[in-house]
1. Where residues in region 116-152 are polar (S, T, N, Q) and open to solvent by 70 Å² or more (accessible area, probe 1.4 Å), which of them is nearest to ILE7 (Cα to Cα)?
2. Within region 164-182, work out how many residues are in contact with a Ser or Thr (Cβ under 7 Å, 6 or more places away or on another chain) and not aliphatic (A, V, I, L, M).
3. If we keep just the residues of region 153-165 that are in contact (Cβ under 8 Å) with a residue 40 or more places away in the chain, outside any helix (DSSP H, G or I) and not basic (Lys, Arg), which is most open to solvent (accessible area, probe 1.4 Å)?
4. Which of the residues belonging to region 64-86 are of a type in the set (A, V, I, L, M), closer than 19 Å to ILE178 by Cβ and in a strand (DSSP E or B)?
5. I'd like to verify a number: residues in region 227-282 that are aromatic (Phe, Trp, Tyr), at pLDDT 85 or above and open to solvent by 60 Å² or more (accessible area, probe 1.4 Å), how many?
6. Checking ILE103 against (1) farther than 17 Å from THR196 by Cα; (2) of a type in the set (A, V, I, L, M, F, W, C); (3) assigned to a helix (DSSP H, G or I): exactly one of these is not met. Which one?
7. How many residues are among the aromatic types (Phe, Trp, Tyr) and under 17 Å from CYS283 (Cβ atoms) if we restrict to region 248-272?
8. Given the conditions (1) over 25 Å from PHE187 (Cβ atoms); (2) open to solvent by 60 Å² or more (accessible area, probe 1.4 Å); (3) hydrophobic (A, V, I, L, M, F, W, C); (4) modelled with pLDDT of 90 or more, which single one is not true for VAL112?
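The values are calculated or read from the model by the stated rules, or taken from the named source; none is laboratory data. The structure presented is a predicted model; accordingly, all values stated were derived computationally and were not measured. Because the Cβ atoms are built from the backbone with ideal geometry, glycine has one as well, and the counts that use them run over all protein chains shown. Areas reflect the complete protein model, heavy atoms only, side chains present, ligands, DNA and RNA absent. Shrake-Rupley method; radii C 1.70, N 1.55, O 1.52, S 1.80 Å.
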Amino acid sequence: MLDLSIIVPSFNEEESLGELVAWIARVMAKSQWTYEVIIVDDGSRDNSMKVIETLSASNPEVKAISFRRNYGKSAALNVGFAAAQGNVVITMDADLQDSPDEIPALMNMILVEGYDMVSGWKKVRHDPLSKTLPSKIFNGVVRRISGIQLHDFNCGLKAYRRDVVKSVEVYGEMHRYIPLLAKEAGFVKIGEKVVTHYERKFGVSKFGIERTIKGFLDLLSVTFMSKFGKRPMHLFGALGTLMFFIGFVAALWLGAKKLWFVFHSVAAPLVTSSPYFYLALTCMILGTQLFLAGFIAELVTRNAPERNVYKISRKIGIE
């Protein structure tokens with residue numbers, strides 16, 4: 001088994017790959033660690049694969065996985081995690097904005113300080129305001145919801161203990177939420193390190209403003225799955241019961257009010273002429289639908305093959 005696996009997702013970065021691999025080699029030459037560099041080509045349309053083939057021929061540490069089309073960073077990381085053979089796994093972007101000089105310090109935090117995962121923090125960023133401002137808002141919201149005190153969830157430079165990457169599944173756009181996925185899998189010692197951020201040297205950014213919208217949608221998804229993925233009735237059932245109760249009480253109040261008028265021989269409008277009647281009826285219908293949705297989701301969950309799959313760190317005296 002190797003000491004370190006470095007996973008580099010890449011999409012149309014032919015100009016930077018050679019410089020990045022040479023930079024990594026210079027850093028690793030100063031250490032005694034055995035390592036591999038896994039470049040995951042995410043369906044590049046330039047000459048990236050030719051560059052990677054040339055690099056691999058002259059550097060046995062360089063390995064590659066190539067997608068037939070562009071699947072996204074999460075898919076690239078997921079297959080990279082599956083292929084990694086190192087005790088420690090470090091991810092970095094291929095655009096030279098992440099510094100390989102950070103590798104020794106990240107390794108030290110994992111191996112010596114005992115962190116399960118360490119996330120980089122680009123405290124000083126060389127990006128336009130259109131990227132930094134949404135990023136600050138996004139990170140603040142994720143920090144508040146997740147309870148994980150990181151400043152930069154989306155930083156591509158991260159280090160992991162091997163068990164972490166083998167225990168999480170990254171899909172869709174979930175690469176931003178690997179710390180949340182790791183925490184859900186039981187890896188709670190998550191640290192942070194201020195890292196150097198360089199200006200982009202070649203090409204253009206592959207991410208636009210749409211990533212902010214997708215990010216918040218994915219946050220709702222991963223939060224729901226982590227809290228209610230195996231107990232959907234706790235959410236839908238509670239909301240449904242609350243909605244039905246509000247509607248029932250409102251309808252009961254309207255009925256009691258009508259009876260009071262009748263009992264005291266006071267002229268009163270029809271119950272159905274009040275807008276509150278329809279609001280109450282709507283609440284009861286929505287409550288019933290939410291409850292049934294939770295019930296159906298619970299049936300689906302209980303019949304899922306992974307319903308009793310749990311993350312086990314180790315066993316003692318048990319085969």
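1. It comes out as GLN149.
2. Summing the residues that are in contact with a Ser or Thr (Cβ under 7 Å, 6 or more places away or on another chain) and not aliphatic (A, V, I, L, M) in region 164-182 gives 5.
3. Once the filter is applied, the top-ranked residue is ASN154.
4. The answer is ILE65, and nothing else.
5. 6
6. Going through (1) farther than 17 Å from THR196 by Cα; (2) of a type in the set (A, V, I, L, M, F, W, C); (3) assigned to a helix (DSSP H, G or I) one by one, ILE103 breaks only (1).
7. Total meeting the criteria: 2.
8. (1)
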